[in-house]
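Below is one structure, written out as structure tokens; comments come after it.
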Amino acid sequence: MAAPSLDPCLALLRQADPDRYAATLYLPESKRSDVAALFAFGAEIETIVERASEPMPGEIRLQWWREVIDGEREHGDHPVAIALMDTISRQKLPVAPLMALIEAHVFELYNDPMPDLEALEAWCGQTSSVLLQLSAIAIGAGQGRAVADACGHGGVALSLAKLVRRAGFDRRKGRVFPPQVMLAAAGLDARSWLAEPAGERHSRVVSALCALAREHRAKALIALAKAEPGLQPLFLPLATVGAFLAAGEGAQLAIFERPAMISPLRRQWLIAKAALMGLR
């Protein structure tokens, strides 16, 4: 007998976001498909903006998703769209946060610099925290203050860690995610962040991003300790954040040439350890 095929959303996550894929497997089986659909949607949108060579093709693909979510267009046989719309319908999820996620990612299609720290944290929340918040609703974990704080800070920490890992990629794309206050503290501005050869001042900006990510991770764990235990699996990707940040800082200038990485085995071990002993 042939082995059953993997859920298409889980299959996508296994390739595009291994940490969230592993974390999803720690959820009760009855909850996995809904969470996988939400996380896979996030991965799809990220892939669109990462692969877009020009703004217009990216805008067109994002518009397709807007119309599908808004009910103006049929999703056809797109497996992630099918799963997402089914999850939205069954769980009665609001679609406004998903629309906001799409709009936030439009920023990556253009070369406008991140204006300030508040805008950066808001962008992280709109692109990552909302997926945690909707996933919390989908698994029935409630919507209290502790849940909201855990999702808010956790999403920001995850997004910032990703920005650290891909600092070189974004710089080559002409994207300026570090806000002006971080750049100025290192003696840089948006133009010199992109135009000057990477040097010690650029490394100081990466360190500032790492410090901010650690701060939000710590706040997420404090809030998570006050939330329902069933929420824990959604936050297992936070187990690898510290290792990625350490790798990013340890790479120094090499981070602008290639992404900061840790081995797949270590990622799996960190998540498994957190699932067994709790996030720390």
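The values are calculated or read from the model by the stated rules, or taken from the named source; none is laboratory data. Because the structure is predicted, anything quoted here is derived from the model rather than measured. Here the Cβ is made from the backbone with ideal geometry for all residues, glycine too, and neighbour counts use every protein chain on show. Quick note on the areas: whole protein, heavy atoms, side chains included, nothing else; ligands and nucleic acids left out. Shrake-Rupley method; radii C 1.70, N 1.55, O 1.52, S 1.80 Å.
What the table shows:
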{"item": "Computed helical MRE - 222 nm, the chain, DSSP H runs ≥ 4 contributing -39500 (n - 2.57), nearest 500", "result": "-20500 deg cm²/dmol"}
{"item": "Computed E for Leu117/Ala11 - FRET, C-beta separation, R0 51 angstrom, nearest 0.05", "result": "0.85"}
{"item": "Cα centre as origin, Lys/Arg/Asp/Glu Cβ charges: the range 149-217 dipole, Debye", "result": "300 debye"}
{"item": "Solvent-accessible area per residue for the range 114-168 (1.4 angstrom probe, square angstrom)", "result": "30 Å²"}
{"item": "Heavy atoms of Ile60: accessible area, 1.4 Å probe, square angstrom to 10", "result": "110 Å²"}
{"item": "Total charge dipole magnitude, the range 114-170, about the Cα centre, Cβ charges on Lys, Arg, Asp, Glu only, Debye to nearest 20", "result": "240 debye"}
{"item": "Inverse of mean 1/r across different Cα pairs in the chain, Kirkwood, Å", "result": "19.2 Å"}
{"item": "Whole-number D in µm² s⁻¹ for the range 65-181, Kirkwood Cα-pair radius fed into Stokes-Einstein, 20 °C, 1.002 mPa s", "result": "138 µm²/s"}
{"item": "Percent accessible area from carbon and sulfur atoms, the chain, protein chains only, probe 1.4 Å", "result": "56 percent"}
{"item": "Pairs of Lys in the chain closer than 28 Å at Cα, counting only those 8 or more apart or on different chains", "result": "12"}
{"item": "Efficiency of FRET from Cβ geometry, Arg280 and Ser53, R₀ 41 Å, rounded to 0.05", "result": "0.50"}
{"item": "Qualifying trypsin sites (Lys or Arg not before Pro) for the range 19-115 [loop in DSSP, other Cβ within 10 Å: at most 15]", "result": "Arg73, Lys92"}
